[in-house]
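Data block below; observations after.
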Amino acid sequence: MVPRHRFTGNFSLVVGGGITGCGIARDAAIRGLRVALVEQDDFASGTSSRSSRLVHGGVRYLEHGQLSLVFESSRERRTLLRIAPHLVRPMSFTWPVYAGDRIPRWKLDVGLTLYDSLALFRNVGSHRRLTRRAVERLEPALSTRELLGGASYWDASTDDVRLTLANAIAAREEGAAVLNHARVVELHRRDGRVCGATIEDGPTGESVGVSARLVVNAAGPWSDSVESLAHAGEAGVRGSKGAHVMVPRTRIGNVSAITLTAPQDGRVMFVLPAGAFTIIGTTDTFDAVAPAEARATRADVEYLLEAANHYFPAAQLQQQDVVGAWAGIRPLAARRAKGATPVSASREHAIEQAVPGLVRITGGKLTTYRAMASEVVDVVAATLGAHRARSRTSSVSLPGGDVSDLDAIIGDATSETGDAVVATRLVRAFGSRWRSVWVLGEKDSSLRSRITPERPYLLAELRYAVQDEMACSLGDLLIRRTPVAFETPDHGRSAARAVAPRVAAWLGADDSWRARALADYEAETARVFTID
Ligand code: FAD
């Protein structure tokens, strides 16, 4: 149940536990402000688990002249590579150019030179022009028909869920009250000013009223429904749906990340390596669907497979190759999206206060969350008259991020675990804290078994997640703390049945929990992964 005693006095309440809200809570807590965060479902259960998992300057924004966004994103890429090197890792991209492409070679070269310069030439590496032969060598499975050459450049990949979670955990460790499965159902007003909220505890259904000096609406694509609890104003958010599909990497044969222009409409899209898989994405369509119901449609899947098959003709990908397909809603700032197409709509964020006491943030990207959070907390501190220290989040490592040589730690972990794949997973997910997970197997060696034989995630990760990462449902464990649901054809249903008795015991749940938890898991995976 929501602990009443934590929610008293002069604190700010952040609504929404996606990357934006968790980043705000961390920043505020590090500055010594009293802050609480509530998330109606689980951290990163919204858009923040449906991204392309890139921390990138955003090469395609150059086409729309959004240079300040690329500049900011490039700076943030550098910062995140430093404060979370386990979660944000350099990724090399190949961009092949074919005869008749919308973006010819010279234009690509000019664009990537600008991209390097907006990163102040401090990206992991500079771009390189590639001959046709060099592209063939780098990506032998790519179509060579009318291939002219291309370019390679650097960005970074991440684990969007764990990046969000790392911020939630950091906020908690810095003294914030951080709760998942706790939903704001009412906002209170006094003299026209928002002064508190009613929070409903998911598991028990009990409600508690809390007062707050300021409420921050960081509810992403839900932000208009949170706003409507206080007033009926103009829409602040415009939703654009993006879908991805995942196929086994061996079926498509890409070596690294590839940037392509979709043959159907010339949109920039990606073919991205993700361990044993390849993620193909994304679509971009304005959509008014309820954010919780955003799913890939058959048309989305066809569009993405057709584009991939165009460039990888030997793959002949079909619907049955798809291990998973999912979609998310980009919470674009409505005033920045006015009159634009989904592709040209600005990804820049907007901070607004339509009602005193309620600060809303919309727009932005996973990549820029830290800078967005710092701006919001500046507003919070100024409104509260708490002119505290400036944001320090760019110099404080995220949990597990205090590592100087990731490869050396993976080497140590490999010696200790005897399994290089498991070791790599543990270090990349938990950074310097990987041993805290592994050590759980000392008391109970069965925790060192894999959750499911074909994926490198250990039962110990689930134990750790219940104990230290605020996980309390099977979805928290198998969709987010581990990506089992994304990477198994049955979306983790058999794993859920197998682990449910242990999880029930760890949670101290009664006999009725197991059946309910499995039904909830079934409903959640159907909601996320069904192809409409
Ligand atoms: P969300 O993650 O949706 O979080 C909002 C949270 O608020 C939700 O968890 C929700 O449950 C909670 N909430 C709602 N109502 C309530 C309530 N009443 N009480 C309590 N909690 C509530 N960005 C990049 O930088 N790189 C990428 O590669 C990238 N790829 C993308 C690909 C796609 C297809 C999409 C859709 C987006 C992509 N983005 C990317 C953008 C990025 O994912 C989003 O900007 C970001 O995740 C939005 O985070 P958020 O916290 O604002 O929203």
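The values are calculated or read from the model by the stated rules, or taken from the named source; none is laboratory data. The model shown is predicted, which means the values in this text are computed figures rather than measured ones. When we count neighbours, we look across all protein chains shown, and the Cβ atoms used for this are built from the backbone with ideal geometry, even at glycine. Note: accessible area is taken over every heavy atom of the protein model, side chains too, but ligands, DNA and RNA are not part of it. Shrake-Rupley method; radii C 1.70, N 1.55, O 1.52, S 1.80 Å.
Side notes on the structure shown:
- For the stretch 327-383, a residue qualifies if it is among the hydrophobic types (A, V, I, L, M, F, W, C), out of contact with any strand residue (DSSP E or B) (no Cβ under 8 Å at 6 or more places or on another chain) and away from the ligand (no atom under 14 Å from the Cβ), and the qualifying residues are ALA340, VAL377, ALA381, ALA382.
- Condition met for LEU179 (closer than 13 Å to GLN40 by Cα, open to solvent by less than 60 Å² (accessible area, probe 1.4 Å) and modelled with pLDDT of 95 or more): yes
- Set side by side, the residues ARG75, ARG34 differ, and just one is in contact with a Phe, Trp or Tyr (Cβ under 6 Å, 6 or more places away or on another chain), over 30 Å from PRO140 (Cα atoms) and open to solvent by 20 Å² or more (accessible area, probe 1.4 Å), which is ARG34.
- Of the strands (runs of 3 or more DSSP E) lying entirely inside the stretch 198-249, those carrying at least 1 residues that are within 24 Å of the chain's Cα centre (by Cα) and more than 30 Å from PRO489 (Cβ to Cβ) are 214-217, 237-248.
- Of the residues making up the stretch 277-325, those that are part of a loop (DSSP other than H, G, I, E, B), open to solvent by less than 20 Å² (accessible area, probe 1.4 Å), of a type in the set (Gly, Ala, Ser) and closer than 22 Å to SER49 by Cα are ALA294, ALA296.
- If only residues of the stretch 53-74 that are outside any loop (DSSP other than H, G, I, E, B), within 13 Å of the ligand (Cβ to nearest atom) and touching a Leu at 6+ places or on another chain (Cβ under 8 Å) are counted, the one that is farthest from LEU114 (Cα to Cα) is LEU54.
- The condition (being within 18 Å of VAL268 (Cα to Cα), modelled with pLDDT of 95 or more and crowded, with 22+ Cβ neighbours inside 10 Å) is satisfied by just one residue among LEU80, LEU142: LEU142.
- Listed by first and then second residue, the pairs with beta-carbon distance under 9 Å, at least 6 apart or on different chains, first residue in the stretch 6-24 and at pLDDT 95 or above and among the charged types (D, E, K, R), second in a loop (DSSP other than H, G, I, E, B) and more than 14 Å from the ligand (Cβ to nearest atom), form an empty list.
- Hey, SER157 assigned to a strand (DSSP E or B) and either in contact with a His (Cβ under 9 Å, 6 or more places away or on another chain) or under 30 Å from PHE486 (Cα atoms) (or both) or not: yes
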